[in-house]
């Protein structure tokens, strides 16, 4: 038969066994840090977000490549010959993109942007096929950011220079008898206008790509 002392000892042992269970239940109800998701789940979602940004990055580069090639195609096919009438005199006129240094600058710029974008896409596809990181290092990401910014500024510069020449062709020169050259050379002016439009579109896409570079740099550890 158990004595009073043995009964007290057994009750004490039982209370000590129940206390950890009660603490765990209390922690579970109160939402203590023990019930939170482990820290590695946050890293998993960071990886998913980075992959989504990389996917958008690739789509933007594809669009930029398409707009650059389209701008170059319209410009290099811009040439036309016709007859211009001034004060009753019929004067043969001919226009070609290579006659203007601004148009040559635009063609060179969009060609460089297309080559840069194509190179980055090839590097990305090669790394994906090898199942390696799409960007080798943080320094390389900084190099991409700098290059994207430089090309974005070059595109807006080339588009602005070509726009000035095109506007002069359409409006003529004040206080002179020079007319609107785009009337007899409408096809030439339309090609140039479309080329400039796609150049500015490529500039916006390249600027957006540079912004994504910043996001990826800020999220990289």
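The values are calculated or read from the model by the stated rules, or taken from the named source; none is laboratory data. Keep in mind that this is a model prediction, so the values were computed, not measured. Glycine also receives a Cβ, built like all others from the backbone with ideal geometry; neighbour counts cover every protein chain displayed.
Name every residue in the range 63-81 that is assigned to a loop (DSSP other than H, G, I, E, B) and surrounded by fewer than 16 Cβ atoms within 10 Å (Cβ to Cβ), in order of residue number. Give the steps one after another, and end with the answer.
So in the range 63-81, the residues assigned to a loop (DSSP other than H, G, I, E, B) come out as 77-78.
Of everything in the range 63-81, just one residue is assigned to a loop (DSSP other than H, G, I, E, B) and surrounded by fewer than 16 Cβ atoms within 10 Å (Cβ to Cβ), namely 77.
Assess whether residue 137 counts as being within 17 Å of residue 161 (Cβ to Cβ) and loosely packed, with under 13 Cβ neighbours inside 10 Å. Give the steps one after another, and end with the answer.
Values: within 17 Å of residue 161 (Cβ to Cβ): no; loosely packed, with under 13 Cβ neighbours inside 10 Å: yes.
In short, no.
Yes/no matrix, rows are residues, columns are (1) in contact with a helix residue (DSSP H, G or I) (Cβ under 9 Å, 6 or more places away or on another chain); (2) free of Cβ contacts under 8 Å to residues at least 60 places away in the same chain; (3) surrounded by fewer than 18 Cβ atoms within 10 Å (Cβ to Cβ); (4) under 21 Å from residue 202 (Cα atoms):
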| residue | (1), (2), (3), (4) |
| --- | --- |
| 87 | no, no, yes, no |
| 91 | no, yes, yes, no |
| 113 | yes, no, no, yes |
| 116 | yes, yes, no, yes |
| 126 | no, yes, yes, no |
| 129 | no, yes, yes, no |
| 144 | yes, no, no, yes |
Residue 162 being in a helix (DSSP H, G or I) and under 17 Å from residue 207 (Cβ atoms): no
Failed item, numbered, when residue 105 is tested on (1) closer than 26 Å to residue 188 by Cβ; (2) in a helix (DSSP H, G or I); (3) at pLDDT below 85: (3)
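Is it the case that residue 156 is modelled with pLDDT of 90 or more, surrounded by 12 or more Cβ atoms within 10 Å (Cβ to Cβ) and not in a loop (DSSP other than H, G, I, E, B)?
Yes; evaluated as a whole, the condition is true for this residue.
If you check 12, 84, which single one turns out to be assigned to a strand (DSSP E or B) and either modelled with pLDDT under 75 or more than 30 Å from residue 165 (Cβ to Cβ) (or both)? Don't jump to the end; show me each part of the working.
Working: 12 fails: assigned to a strand (DSSP E or B).
Residue meeting the stated conditions: 84.
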